[in-house]
Amino acid sequence: MSVLFSPYRVGSLELRNRIVIAPMCQYSAADGCATDWHTIHLGNLSLSGAGLLIVEATAVSSEGRISPDDLGLWSDESEAALGRVLSIVRRYSDMPIAIQLAHAGRKGSTRVPWEGGGKQIAPNEPRGWQTVAPSAIPFAAGENPPVALDADGLARIRQAFAQTAQRAARLGLNAIQVHCAHGYLLHEFLSPLSNHRNDRYGGTLENRMRFPLEVFDVVREAFPAERPVSVRVSATDWADGGWDLDQTIAFARELEAHGCSAINVSSGGMTPSQVIPVGPGYQVPLARAIKAATKLPTIAVGLITGYEQAEEIVGTGDADMIAVARTILYDPRWPWHAAAHLGGNVKAPKQYLRCQPSRYRNLFDV
């Protein structure tokens, strides 16, 4: 009996299996609005047989985008555009769909990957804007510094997260993930490398956690109580003097106390000087430590590509679920193939039932 293909419950949300499709930026929106590309992309992934699909990092305001082509959910127009995409996807798939709400902070206003991704667009350049952050410290040397957020700025961002959560609720999304990872705004408040404030939002661990917890609280309050709200974290900055696993565990315990439904454990993204020991499953020990220290359902992610590897992660209890990203872009039927290998089954659309190989008679759960 495959543990990977056993059902799992996150709050009130019942998943058919433990495979989560991680949020992946597509840099294909128009003024924050989803396009036909999102229909193709999300529609494809919704037929993969995974247990949960998480829509890419979705900005809560125009300044919260990573690039000018990022998806957003801050306006009636962007809500309507994403609604059109979701209505088409749901017509052919009943896979639960979540959305990751995000603000890029000082890592915003950058070019898309295929046009020099990560390179900042200065505020005075076409399509650029002034970024904001906890402190006026640029991500990389030579970049235009962000503006340190004042009390009014913090209030605007809290309100933006709350309003976007309300839009997500109206769209019928099954869950929300709050993005506190990869060097973006909420992670910037957590890390001593990017947060040099001397007010109640900086200095001590308690103070650095304050704003991310406030954002979580307003999202949790704005989203229906029966639907899960989870958080994605970078468990370490992989840099001296930065955010680390012990601090992440403290943050996870606070999130648990605030009603967090699950935690997705990633790492890095805070500084160009990070030194990451990249290898298969390199972030799994981080997920294991957080799972051992809390009762939060835990998702492991990062170079999980093998079927036996994924089964071992959940089978040994290192994590409750695994998330795949580039793996499923490369092989959009990865859950089908994993199920065939491990003796599990997946939900498949009736239009595809004829393709079931004869040696896998019980692969498709119709």
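The values are calculated or read from the model by the stated rules, or taken from the named source; none is laboratory data. Please read these numbers as outputs of a predicted model, since none were measured by experiment. Cβ sites come from the backbone with ideal geometry, for glycine too, and all protein chains shown count toward neighbours.
Could you say whether any residue in segment 233-244 is surrounded by fewer than 16 Cβ atoms within 10 Å (Cβ to Cβ) and in a loop (DSSP other than H, G, I, E, B)? Yes: segment 233-244 contains one or more residues that are surrounded by fewer than 16 Cβ atoms within 10 Å (Cβ to Cβ) and in a loop (DSSP other than H, G, I, E, B). In segment 301-308, the condition of being in a helix (DSSP H, G or I) and surrounded by fewer than 22 Cβ atoms within 10 Å (Cβ to Cβ) is met by at least one residue. Of all residues in segment 31-83, those satisfying the criterion of being in contact with a helix residue (DSSP H, G or I) (Cβ under 8 Å, 6 or more places away or on another chain) and among the aliphatic types (A, V, I, L, M) are ALA34, LEU42, LEU45, LEU47, ALA50, LEU53, VAL55, VAL60, ILE66, LEU71, LEU73, LEU82. Which condition breaks for ARG65 when tested against (1) surrounded by fewer than 22 Cβ atoms within 10 Å (Cβ to Cβ); (2) within 19 Å of the chain's Cα centre (by Cα); (3) farther than 19 Å from ARG227 by Cβ? Failing condition for ARG65: (1).
Pairs meeting the criteria (first residue in segment 193-204 and at positive phi, second residue surrounded by 13 or more Cβ atoms within 10 Å (Cβ to Cβ) and of a type in the set (Phe, Trp, Tyr), beta carbons under 8 Å, at least 6 apart or on different chains) are lacking.
Listed by first and then second residue, the pairs linking a residue in segment 302-325 that is among the small types (Gly, Ala, Ser) to a residue that is assigned to a loop (DSSP other than H, G, I, E, B), with Cβ atoms under 6 Å apart and 6 or more places separating them unless they lie on different chains, are GLY302/TYR282; GLY302/GLN283; ALA310/LEU4; ALA310/ILE304; GLY315/VAL3; ALA323/ALA22; ALA325/ALA22; ALA325/MET24. Just one residue in the set ALA319, ALA340, ALA323 is aliphatic (A, V, I, L, M) and over 17 Å from SER266 (Cβ atoms); that residue is ALA340. Out of LEU213, LEU205, LEU186, one residue alone is out of contact with any Ser or Thr (no Cβ under 9 Å at 6 or more places or on another chain), modelled with pLDDT of 95 or more, within 14 Å of LEU149 (Cα to Cα) and not hydroxyl-bearing (Ser, Thr, Tyr). It is LEU186.
Only one entry in VAL60, VAL20 is surrounded by 24 or more Cβ atoms within 10 Å (Cβ to Cβ), touching a Ser or Thr at 6+ places or on another chain (Cβ under 8 Å) and modelled with pLDDT of 95 or more, namely VAL60.
Among the criteria (1) touching a Ser or Thr at 6+ places or on another chain (Cβ under 8 Å); (2) part of a helix (DSSP H, G or I); (3) within 30 Å of ALA34 (Cβ to Cβ), the one SER261 does not fulfil is (2). A count restricted to segment 203-217 and to residues that are charged (D, E, K, R) and either surrounded by fewer than 16 Cβ atoms within 10 Å (Cβ to Cβ) or touching an Asp or Glu at 6+ places or on another chain (Cβ under 8 Å) (or both) stands at 1. Of all residues in segment 40-63, those that are touching a residue at least 24 places away in the same chain (Cβ under 8 Å) have Cβ atoms under 6 Å from Cβ atoms of residues that are assigned to a loop (DSSP other than H, G, I, E, B) and among the basic types (Lys, Arg), 6 or more apart or on another chain, in GLY51/ARG16; ALA59/ARG65.
For (1) in contact (Cβ under 8 Å) with a residue 12 or more places away in the chain; (2) surrounded by fewer than 14 Cβ atoms within 10 Å (Cβ to Cβ); (3) more than 28 Å from ILE263 (Cα to Cα), each residue gets a yes or a no:
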residue: ILE88; (1), (2), (3): yes, no, yes
residue: ILE97; (1), (2), (3): yes, no, no
residue: ARG127; (1), (2), (3): yes, yes, yes
residue: ALA140; (1), (2), (3): yes, yes, yes
residue: ARG158; (1), (2), (3): yes, no, no
residue: LEU173; (1), (2), (3): yes, no, no
